[in-house]
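In what follows, a single structure is set out as structure tokens and then discussed.
The values are calculated or read from the model by the stated rules, or taken from the named source; none is laboratory data. If you're wondering where the values come from, they're calculated on a predicted model, not measured in any experiment. Positions of Cβ are backbone-derived with ideal geometry, glycine not excepted, and every protein chain shown enters the neighbour counts.
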Amino acid sequence: MSDEPPVLAVDGLEKHYPITKGLLRREVGRVRAVDGVNFRIDRGEALGLVGESGCGKSTTALSILRLEEPTGGEVRFEGTPIEKFRGEQLKSFRRRAQLIVQDPNEAFSPRMTVGEAVAEPLRLHGMDDSDRRREIVADVLERVGLSAADVDRYPHAFSGGEKQRIAIARALVVNPDLIVADEPTSALDGRVQSDVLALLDEIRREFDIAVLFISHDIDVVRRFCDRIAVMYLGELVEKGPVAEVLDSPAHPYTRVLLGSVPSLDPGDRTLEKPLTDTVPEPANPPKGCRFHTRCPEVIPPKDVDVTQEQWRAIAALRFTVETGELPEPLAPDRQGQSTTAETVRKEFGLPSSLSDPLAERAVTDAAAAIADGDIDGASELLADAFPTICERETPTVVDLDGQSAQCHRYDPEKDAEPIPWN
Ligand SMILES: Nc1ncnc2c1ncn2[C@@H]1O[C@H](COP(=O)(O)OP(=O)(O)OP(=O)(O)O)[C@@H](O)[C@H]1O
């Protein structure tokens, strides 16, 4: 193994955005867009970053390129913290770490020819010889499957896929060591997407470029990446080699995320549905494990004696009530008309009676409170009766033979008596 530091090393990266109020812009809270993220990318390696919309993927991308100033943690480029870069070093970093964005239309000025746009980074980085620039640009355009004759045309004359090729050419022209590609193919349709992906793959292998590949498309990540990191509400909940993570996802969130991928087998028992569809706000993430309010594997209290199916129904009731977003038949405007305790039980798949008397009492009282329109009361009752370690304690990252997951279920230190998987 070489002693070479990774091209990119991210430790405890944090980017919080202040929420301000009033004329004096007093800070009243913080959006925890990225909240303690760690990963590495070696030369020639592609790391896929996946997660639902708003989980912090783009903010991570911008923070590692110093396009956003992180509020905490450290990003090292070939071993040097990027915050230390000044003058020439910063300029060199800007050249060696390139960004490719989703919409190539945003990347080009309509007044610049393709040749000028692709040559721009060369000019900015001090190459004054225009003939030499033109030569390099022609060469790179051919390299990405366009023609040297395209230099004098304008970007608007090209299709979406071709524009993305031009964007790749522009990133490539300065010999980058790192490319951050933020949803680079999601605006393109199937065939074109495949071609652009194949091109990116080819250049990363040929030039040994490290790639951070951001996508919500799991199939694309499987095809393009070596490793994958799964993000939820500003944190990485699982990491590992692509095949391992996608074929045997460890973290319940990864299972839920994969369960929403249409191309995957809906009968696969390792894929799951979330308890609720409400994603909490990154300004106010749940305590303990951030996924616990939606986690189908949330750990029950030790003294509750119900089946796994019943526990999931209870947990879904508890966390749905906490969001205040009740399903249609129980919605507050219908209170007093048709909602009864039975409707509540039916809606959540709870049997008419649970064998555990304390659990039964709590569910009966909560259902009655909901039927009365006392949602806060129901919420308190359920929280008191059904506490979970997942809300009390933040899980540590557990190494599982190369794959890692941040979940109490895997922590040998936690005497959590989990229900066995599957
Ligand atoms: N400049 C900003 N000011 C305040 N909040 C922001 C800012 N930029 C992003 N956010 C918030 O930070 C969170 C993470 O956003 P981000 O764009 O990084 O997510 P994402 O995973 O890339 O989403 P998508 O897949 O939709 O692009 C979101 O809640 C977003 O609203």
Subset of the range 314-331 [in contact with a helix residue (DSSP H, G or I) (Cβ under 7 Å, 6 or more places away or on another chain) and part of a helix (DSSP H, G or I)]:
Ile314, Leu317, Arg318, Val321, Glu322, Pro329, Leu330
I'd like to check something: does the range 321-333 contain any residue that is surrounded by 13 or more Cβ atoms within 10 Å (Cβ to Cβ) and within 16 Å of the ligand (Cβ to nearest atom)?
no
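Results for (1) in contact (Cβ under 8 Å) with a residue 24 or more places away in the chain; (2) acidic (Asp, Glu); (3) farther than 17 Å from Ala316 by Cα, shown as yes or no for each residue.
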position: Thr364; (1), (2), (3): no, no, no
position: Ala378; (1), (2), (3): yes, no, no
position: Asp384; (1), (2), (3): no, yes, no
position: Glu391; (1), (2), (3): yes, yes, no
position: Ala405; (1), (2), (3): yes, no, yes
Per the filter on the range 213-253, residues hydroxyl-bearing (Ser, Thr, Tyr), touching a helix residue (DSSP H, G or I) at 6+ places or on another chain (Cβ under 8 Å) and modelled with pLDDT of 95 or more are Tyr232
Picked from the range 302-323 (must be touching a residue at least 40 places away in the same chain (Cβ under 8 Å) and among the polar types (S, T, N, Q)), the residue farthest from Pro357 (Cα to Cα) is Thr323
Find the residue count for the range 339-370, including only residues that are outside any helix (DSSP H, G or I) and either among the β-branched types (Val, Ile, Thr) or exposed (fewer than 14 other Cβ atoms within 10 Å of the Cβ) (or both).
6
Failed criterion for Ala315 (all others in (1) of a type outside the set (Phe, Trp, Tyr); (2) more than 20 Å from the chain's Cα centre (by Cα); (3) surrounded by fewer than 13 Cβ atoms within 10 Å (Cβ to Cβ) hold):
(3)
Strands (runs of 3 or more DSSP E) fully within the range 10-111 counting 1 or more residues that are on the phi < 0 side of the Ramachandran plot and near the ligand (Cβ under 9 Å from one of its atoms):
26-41, 46-50
Considering each residue of the range 114-139, count those that are among the basic types (Lys, Arg) and assigned to a loop (DSSP other than H, G, I, E, B), and give that number.
0
May I ask you to say which residue of Gly73, Gly48 is in contact with a Gly (Cβ under 6 Å, 6 or more places away or on another chain) and modelled with pLDDT of 95 or more?
Gly73
